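Okay, so here's the structure we're looking at.
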Amino acid sequence: MAVTFTSEQQRAIDLHGCNILVSAAAGSGKTAVLVERIVQMVCNERNPVDIDRLLIVTFTNAAAAEMRERIAAGISKRLTECPESEHIQRQATLLHNAQITTIDSFCLFLLRNHFNEIGLDPAFRIADEGEIKLMQQEALAELIEDSYASGSEDFRFCVEYFCPGGKESVLEQHILNLSRYAASFPWPARWLEERKNDYSAASVEEMCGSPYGRYLTGHLRQMVSGCVEKLARVRALCEEPDGPYMYGELVDGELEQLEELLSCGSLEAYAVKLPAVKYGRLPSKKDDSVSQWKREAAKEMRAGVKDSIREMEERFFATTLELAARQGRACLKPVTTLIDLVLDFDRRMQEKKQEKKVIDFSDMEHYALDILLDAEGEEIRPSTVAKEYRQHFAEILTDEYQDSNLVQEYLLKAVSGEEDGRFNRFMVGDVKQSIYKFRLARPELFLEKYETYEHQAPACQRIDLAKNFRSRVQVVDAVNDVFGRMMSTEVGGIAYDHRAALYAGAVYPENDGCVSELILVDKPDKDDELSAKQAEALAIARKIKSLREGFPVTDRAGGGDAPRPWGQNLLDDAVAVGGKDLDNLYHQPVPRRGAGDKNSHPLIAAHAAPLAGNRLNLQDDGFVFLQHNTPPVTLWLHYSGKKEVRQNLRGVYIHV
């Protein structure tokens, strides 16, 4: 049966002649769209494009293999429909040499074919992680020893500054961390040299106007904004019919002080106004008409605001700005020395790798960049090799674009035609699914295009795929409810508005048992028999096992619901994090925790923020009903026995 695409999906398939950013939500069919776009391009005999003239970049080798397989199936289907087409026959042959690859594999392809451009030994190999670590240890030991032997006073001051107690391992870790982070930039040495000026502010005004001064100002404003929002919820609680009305006047005054903080436009202003915030004593008036729960909730949220403001004051303004500026100037010399040590370390590592004829994955990207771009001073020009690839590739298609980094962006831009006025990049991703920032991915690259492409038509266009074809409406509503509360431009990089929200696109048979379930459980105690990971894995495994014992799931082939066997791999994956095999985990004794123990144990740690300000009605049978004003979502919460709900519970949505 032929696939029917939505109008947005069809536009992403058909649109050409411009750069395209496809913001594809979870379950929106982005892979199917990407495959269909490629198959249509290479099978179109009116405007023929050979598949080996497309650069298709995926995030993992497994994704690349799946992409190749699905494209092959699409071409095979077209060939069945037009068996006499020589062009389609040619695509089936060329597919084996097509660049459907990860960014690392593409870089390796460049190195294998153009090693002579950068003087790289053609006999190079990729070193494994253990080998690189040994080389790093050798380079660090030699660097520290040579630095001591030089008798440099700057080095000794650097050690004293960064290594309290004389632990050189601290300095070594700083060198490794800074080297790794610098490698996420296209030209690491240039970036490191620029960092030498970060602590050169000669006055308080210059310090506050520096990039990090402006960043801290914005960070403080964001934190204060959160406090204002939280205290506003306290005020709303006080205004409810059975709310703690006696707190209202005091909370209003405190809220007014915090709102005034939002007008601060500099660190100097925050340094004056933040310590000036004053809090009164809550009235002790008793009134039986006031809900005890609401009274305690108001106290707790207000106490959290006070703690946050106090933490900001202690963290950022424990010393005067004048002293902070002097301290900044005092650390200029040791920071400069540290950067010089990092540059020396990188040089020693390169020498060791060249001696052994090995490269690592970071080298792979930077060598590829050297092949494609000539960087002299501030000017960056495409090399002859880059110009050849610009002529060769008809389109550059990138999957999971939200997890690209700056080096990869320069690489793909170098082989695209956009700098020559030929806009031929197609990027697919979802910033809400960006999970690799700890690996130095730059979701900001996606966000910049997300914000600007809708204003740059026709050269650059954005297409939103918001319909979810994977999940029931109950799942979609629950996800929207959680992220609508949590995600904003400041927290998460994107406003979770009508454009970012999910919309149910799948049609499933009616099933009254399909609800969104939030399980709240106690954090494990130190003396628990199971570790946190094992307990979480056990809970997940039990949940999946109970569903497998009879919960009807949709049979895609048959189109109906049927209590059929589930794949064992799902259950195996669930318990993998527990560090035990499935059978042992099932038979592991679990400490009892109270009335709700039979239903719940520690699950996946997630944000408790969505629960703030909602009504949690704790029942004796171990259940909690969450009430809020966002229909049609209804959440039943399993509860594990302790009544310190707001302090000691973690939760996660379980969608069934």
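The values are calculated or read from the model by the stated rules, or taken from the named source; none is laboratory data. What you are looking at is a predicted structure, and each value in this text was computed from that prediction instead of being measured. Reconstructed Cβ throughout: ideal geometry from the backbone, glycine too, with neighbour counts over all protein chains shown. Quick note on the areas: whole protein, heavy atoms, side chains included, nothing else; ligands and nucleic acids left out. Shrake-Rupley method; radii C 1.70, N 1.55, O 1.52, S 1.80 Å.
Label zone (Cys82, point 7 Å along Cα-to-C-beta; backbone nitrogen cut-off 11 Å) within the stretch 94-127: none.
Decide, for the stretch 207-255, between rounded, prolate and oblate: order the square roots of the alpha carbon gyration tensor eigenvalues as a ≥ b ≥ c, take rounded if a/c falls under 1.5, and otherwise choose prolate if a/b is larger than b/c, else oblate.
Numbers: a/c = 8.17, a/b = 3.71, b/c = 2.20.
It comes out prolate by the Cα gyration axes.
Label-to-label distance, Asn44 versus Ser150, with points set 7 angstrom from Cα along the beta-carbon direction: 5.9 nm. Within the assembled protein chains, the solvent-accessible surface assigned to Thr80 is about 110 Å², based on a 1.4 Å probe. Counting only heavy atoms of the protein chains and using a 1.4 Å probe, Phe162 has close to 40 Å² of accessible surface. Identify all lysines with a Cα-Cα distance to Lys299 below 27 Å; exclude those on the same chain that are fewer than 8 residues away in sequence. Filter leaves Lys230, Lys273, Lys278, Lys285, Lys286, Lys523, Lys642, Lys643.
Calculate, in nm to one decimal, what Gln257 and Glu129 gain on full extension: separation in residues at 0.36 nm each, minus their alpha carbon distance.
Working: separation 128, 0.36 × 128 = 46.08 nm, distance 5.36 nm.
Extending this stretch completely gives an extra 40.7 nm.
Within the shell of other residues whose beta carbon sits under 13 angstrom from the beta carbon of Ala189, the net charge comes to -2, with Lys and Arg scored +1 and Asp and Glu -1.
The modelled label-to-label distance for the pair Thr320/Ser200, using points 7 Å beyond Cα in the direction of Cβ, is 2.7 nm. Between Ala141 and Ile435, the contour length at 0.36 nm per residue exceeds the Cα-Cα span by 102.4 nm.
If the chain between Cys514 and Ser169 were fully stretched, how many nm would it gain, using 0.36 nm times the residue separation less the Cα-Cα distance? Could you put the intermediate results ahead of the total?
Numbers: separation 345, 0.36 × 345 = 124.20 nm, distance 5.41 nm.
Length gained, Cys514 through Ser169: 118.8 nm.
Inter-label distance, Glu229 to Ser291: 2.2 nm, where each label sits 7 Å from its Cα along the C-beta direction.
Straight-distance candidates among the lysines for linking to Lys413, with alpha-carbon spacing under 16 Å and chain neighbours fewer than 8 residues away dropped: Lys387, Lys449. Ligands, DNA and RNA aside, Ile380 has an accessible area near 60 Å² when probed at 1.4 Å. Over the stretch 1-110, accessible surface divided per residue gives 47 Å², non-protein components excluded, 1.4 Å probe.
Couplings for the stretch 99-115, taken from phi via the Karplus curve 6.51 cos²θ - 1.76 cosθ + 1.60 with θ = phi - 60°, read 7, 10, 7, 7, 5, 5, 5, 5, 4, 5, 4, 5, 5, 5, 9, 9, 4 Hz in order; Gly and Pro are left as x.
Under a cut-off of 19 Å between alpha-carbon atoms, report the aspartates and glutamates in cross-link reach of Lys533, not counting same-chain residues fewer than 8 places apart. Candidates past the 8-residue exclusion: Asp522, Asp525, Asp572, Asp573, Asp581, Asp583, Asp597.
Could you put Lys30, Lys413 in order of accessible surface area, largest first, with the 1.4 Å probe and the full protein assembly present? All intermediate terms of the calculation are to be shown ahead of the outcome.
Numbers: Lys30 40, Lys413 75 Å².
Heavy-atom accessible area, descending, gives Lys413, Lys30.
What is the local net charge at Ser383, summed over the other residues whose Cβ is closer than 15 Å to its Cβ (Lys, Arg +1; Asp, Glu -1)? Write out the running numbers ahead of the final one.
On the way: positive: Arg381, Lys387, Arg390, Lys413; negative: Glu117, Asp370, Asp374, Glu376, Glu379, Glu388, Glu419, Asp420.
Summing Lys and Arg as +1 and Asp and Glu as -1 gives -4.
For the stretch 152-242, applying the loop criterion from DSSP together with a ceiling of 10 other beta carbons within 10 Å to the trypsin sites (Lys or Arg not before Pro) yields no site.
Using heavy-atom solvent-accessible surface (probe 1.4 Å) with all chains present, what is the largest-first order of Trp293, Trp191?
Values: Trp293 75, Trp191 40 Å².
So, going from the largest accessible area down, we get Trp293, Trp191.
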